[in-house]
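Trainee: Could you have a look at this structure, given as structure tokens, before my questions?
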Amino acid sequence: MRKDIRNGAAIFPMPVILIATYNEDGTVDVMNAAWCTAYDMAQVQLNISESHLTTKNIRRTRSFSIALADVNHIVEADYVGIVSGEKVKDKFEKTGLTASKGQMVNAPVLEDFPVIMECELVDADFLEYGVIGEVKRLAVKEEYLDKDGKVDVAKLGIIAYDPINHGYHVVGEKVGQAFSDGRKIK
């Protein structure tokens, strides 16, 4: 038996990402977004509206970076999602986070987070899909790699957003092996 709880999309988990751009004056702008996904093997899709300062910056600079939010920075990640950079000019400084210039694109990289992506704008169609960016650089801090040099997801402490209860949850426990476990019934 199921109980209807509401209409609408409630896909879980939704990754919590921080999108970083440069403002016109060269200062750093960051926003929290959960409505994003891989568009293809080398591109990301951001479902953000045209009204955001971040979106205006992406259109102007044609670049942005993404940091996967982690459990150690929930307060900062939530703050940049509830405060507008157009209303609070020192929004990024208030977080205490650190940014450096991207290596591959004209966007700041948030140094405090385990995983970052530097992206170049491919297309923006807000009526259809939002923003598409090509990932030019994907980098992980070395302390989050296992002995074989692969990403250890359990170490990352990446958070996901629950759109029904408006909570953050830690992602990490491995419970199966993709492209393998299904062979048991093949």
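Trainee: Can you return the lysines within cross-link range of Lys155? Criterion is Cα-Cα under 17 Å, with same-chain partners fewer than 8 residues away left out.
Mentor: Lys141, Lys147, Lys174
Trainee: Pull out a ≥ b ≥ c, the square roots of the eigenvalues of the alpha-carbon gyration tensor of the range 38-83, then state rounded if a/c is under 1.5, prolate if not and a/b is larger than b/c, and oblate in the remaining case.
Mentor: Here the range 38-83 falls in the oblate category.
Trainee: Note down the nm distance, to one decimal, between modelled labels 7 Å out along Cα→Cβ at Ala154 and at Glu86.
Mentor: The answer from the label model is 4.5 nm.
Trainee: Rounded, prolate or oblate, given the Cα gyration tensor of the range 126-186, with a/c below 1.5 counting as rounded?
Mentor: Rounded shape, in that the Cα axes give a/c under 1.5.
Trainee: Just order 145-152, 58-65 by mean Cβ neighbour count inside 10 Å, highest at the front, would you?
Mentor: Top of the packing list down: 58-65, 145-152.
Trainee: Oh, and also: How much length would be gained if the chain were fully extended between Lys3 and Asn72, taking 0.36 nm per residue of separation minus their Cα-Cα distance, in nm to one decimal?
Mentor: 21.3 nm
Trainee: When the chain is fully extended, how far beyond the present Cα-Cα distance does Ser51 get from Ile11, taking 0.36 nm per residue of separation?
Mentor: 12.0 nm
Trainee: Please go through the range 94-186 and write out the GluC sites (Glu not before Pro) that DSSP classes as loop and that have at most 13 other C-beta atoms within 10 Å.
Mentor: Glu111, Glu128, Glu173
Trainee: How much accessible area per residue does the chain have, in Å², with a 1.4 Å probe?
Mentor: Per-residue value: 61 Å².
Trainee: Here is a further query. So, in Å, what gap is there between the alpha-carbon centers of the range 141-186 and the range 48-64?
Mentor: 30 Å
Trainee: With each label point set 7 Å from Cα along the Cα-Cβ vector, what nm distance links Ala139 and Val170?
Mentor: That separation, rounded to one decimal, is 2.6 nm.
Trainee: Protein chains only, probe 1.4 Å: how do His73, His52 rank by accessible area, largest first?
Mentor: His52, His73
Trainee: Which lysines does Lys89 reach when only Cα atoms under 24 Å apart count, and residues fewer than 8 places away in its own chain are ignored?
Mentor: Lys56, Lys101
Trainee: Val135: net charge of surrounding residues, Cβ under 12 Å, Lys/Arg +1, Asp/Glu -1, itself excluded?
Mentor: -2
Trainee: Assign one of three labels to the range 1-145, namely rounded, prolate or oblate, based on the Cα gyration tensor with a ≥ b ≥ c the square roots of its eigenvalues; rounded applies when a/c is under 1.5, prolate when it is not and a/b is larger than b/c, and oblate otherwise.
Mentor: Because its axes are fairly even, with a/c under 1.5, the range 1-145 counts as rounded.
The values are calculated or read from the model by the stated rules, or taken from the named source; none is laboratory data. This one's a predicted model, so the numbers in the text were calculated from it and none came from an experiment. A quick note on method: Cβ atoms are made from the backbone with ideal geometry, for glycine too, and the neighbour counts reach across all protein chains shown. The protein model used for the area step is the full one, side chains on, heavy atoms only, and it has no ligands, DNA or RNA in it. Shrake-Rupley method; radii C 1.70, N 1.55, O 1.52, S 1.80 Å.
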